[in-house]
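For reference, the structure discussed in these notes is given below.
The values are calculated or read from the model by the stated rules, or taken from the named source; none is laboratory data. Predicted model, so just to flag it, every value in this text is computed and none were measured. A quick note on method: Cβ atoms are made from the backbone with ideal geometry, for glycine too, and the neighbour counts reach across all protein chains shown. The protein model used for the area step is the full one, side chains on, heavy atoms only, and it has no ligands, DNA or RNA in it. Shrake-Rupley method; radii C 1.70, N 1.55, O 1.52, S 1.80 Å.
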Amino acid sequence: MKTSNDLLTDKFGRTVRSLRISLTNRCNLDCIYCHSEGDEGSRNEMTVGIISDIVTTAAKFGVNKVKFSGGEPLVRKDFEEILRALPELKDVSVTTNGVLLKDRAYSLKEAGLDRVNVSLDTLDPEKYAYITHGRPENLNDVLEGINTAIDAGLTPVKINMVLLKGINENEIDDMLEFVRGHKGDLVLQIIQVMDFRDGAQYNLDAEEIEKKLERRADEIKMRKMHHRKSYIIDGAEVEFVRPIDNAEFCANCNRLRITADGKLKPCLLVNDNLIDFSNADPEDFPELLRASIERRIPFYTDSKERTIIEKRTIIGDK
Ligand SMILES: Nc1nc2c(ncn2[C@@H]2O[C@H](COP(=O)(O)OP(=O)(O)OP(=O)(O)O)[C@@H](O)[C@H]2O)c(=O)[nH]1
Ligand code: SF4
Ligand code: SF4
């Protein structure tokens, strides 16, 4: 048995400090690029007790960050209860589409949520409806949700903008202006679209776009997680998430995923190495965590050829 210090370090020297927990596969939208956290789509959902047990165990071994995701995590009415059942952590956040955020922001903050990321690819209602298969009016709900989250202190609120060729690639400056208009409470997060659902057809040269932003930056920071860079451009902060074929991103991946139905998932893009702990005895959790860490490998390496083959065989066209 490993000691508590190295239990969550994998054979590539990556120490897991963060859990990314999917609360549900249900969603009130249906986006054209949805990756559903790379999950197979089970309808089962973990109970508050299981979530609390696994986070408590992981926290004993150094995990200090939890990110909740979905599907859409706010469709779970017991999200506040889940938050109240967590141990003390450094950073608890959620990624949401924001449609239901307005009515929950204050209660989530009171229950212990630190901050929120909100998906917002466009400020145009018609494009919004096209991307999400929702209603144009949903865009207003999201904007109200963002404002309420700021009022409730769920800051900084990150605005997740997935770059989509032919749809929103010319909206980066509008988004930067939107962020500037909220006086330091917002950060723009630009995300390269991945090869899920219709994603591939909207892919563009994200590296080139990032280089252009870099040239405009007054200041550049780099995060430990994924070595992601963020740029300050005329007072607006923009972080770039560019995972595809990015060996550096995977070499600095320090998060372990948990699927909505309670499986440890070492990598977003791999589904044949999951470990089920939904029916396990909490006493066995450390051993299961360790087993999952043993299965972690960086998905993208320096060999692009290998990556493409793996992608086809492992995730298919999901
Ligand atoms: N391939 C890959 N993509 C990721 C990973 N983490 C995040 N992403 C991408 O980044 C998108 C946005 O992530 P968010 O859920 O907003 O959270 P985050 O930016 O990772 O976390 P914070 O910056 O700490 O809030 C996801 O939908 C993915 O497309 C990862 O570990 N691997
Ligand atoms: S809001 Fe998120 S989970 Fe829902 S369909 Fe869009 S990308 Fe998928
Ligand atoms: S190994 Fe790479 S692709 Fe897999 S979850 Fe980590 S960063 Fe994402």
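Structure above, values below:
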item: Any hit, region 225-233, residues being more than 28 Å from Ala105 (Cβ to Cβ) and among the aromatic types (Phe, Trp, Tyr); result: no
item: Candidates Ser69, Ser42, Ser107, filtered to the one that is in contact with a Lys or Arg (Cβ under 9 Å, 6 or more places away or on another chain) and without any contact (Cβ under 8 Å) to a residue 60 or more places away in the chain; result: Ser69
item: Matching residues, region 277-294, being within 16 Å of ligand 1 (Cβ to nearest atom) and either of a type in the set (A, V, I, L, M, F, W, C) or modelled with pLDDT under 95 (or both); result: Ile293
item: Selection status of Ile21, out of contact with any Leu (no Cβ under 9 Å at 6 or more places or on another chain) and either over 30 Å from Thr122 (Cα atoms) or open to solvent by less than 20 Å² (accessible area, probe 1.4 Å) (or both); result: yes
item: Residue list for region 67-88, filter: of a type outside the set (Phe, Trp, Tyr), away from ligand 3 (no atom under 16 Å from the Cβ) and touching a strand residue (DSSP E or B) at 6+ places or on another chain (Cβ under 8 Å); result: Gly70, Gly71, Glu72, Pro73, Leu74, Ile82, Leu83, Leu86
item: Filtered residues of region 242-279 (kept if among the hydrophobic types (A, V, I, L, M, F, W, C) and assigned to a strand (DSSP E or B)); result: Leu256, Ile258, Leu264, Ile275
item: Long-range neighbours under 8 Å by Cβ, at least six apart or interchain, first residue farther than 20 Å from Leu269 by Cβ within region 14-28, second open to solvent by less than 10 Å² (accessible area, probe 1.4 Å) and within 16 Å of ligand 3 (Cβ to nearest atom); result: Thr15/Leu8; Arg17/Leu8; Arg17/Val63; Leu23/Ser69
item: Residue in region 262-275 that is most open to solvent (accessible area, probe 1.4 Å), counting only those that are under 15 Å from Ile21 (Cβ atoms) and among the charged types (D, E, K, R); result: Lys263
item: Single residue of Ile150, Ile131 found to be touching a His at 6+ places or on another chain (Cβ under 9 Å), of a type in the set (Val, Ile, Thr), open to solvent by less than 60 Å² (accessible area, probe 1.4 Å) and assigned to a helix (DSSP H, G or I); result: Ile150
item: Conditions (1) more than 22 Å from Glu72 (Cα to Cα); (2) at pLDDT 95 or above; (3) within 13 Å of ligand 3 (Cβ to nearest atom); (4) out of contact with any Lys or Arg (no Cβ under 7 Å at 6 or more places or on another chain): number failed by Leu264; result: (1)
item: Flag for His227 being more than 18 Å from the chain's Cα centre (by Cα) and more than 10 Å from ligand 1 (Cβ to nearest atom); result: no
item: Enumeration of residues in region 134-147 that are in a helix (DSSP H, G or I) and open to solvent by less than 60 Å² (accessible area, probe 1.4 Å); result: Asn138, Leu139, Asp141, Val142, Leu143, Gly145, Ile146
item: So Asp6, is it assigned to a loop (DSSP other than H, G, I, E, B) and under 26 Å from Val157 (Cβ atoms); result: no
item: Counted residues, region 103-124 - those being within 16 Å of ligand 2 (Cβ to nearest atom) and not polar (S, T, N, Q); result: 5
item: Inter-residue pairs, beta-carbon under 8 Å, first free of Cβ contacts under 8 Å to residues at least 24 places away in the same chain and in region 206-220, second surrounded by 10 or more Cβ atoms within 10 Å (Cβ to Cβ) and assigned to a helix (DSSP H, G or I), 6+ apart; result: Ile220/Glu214
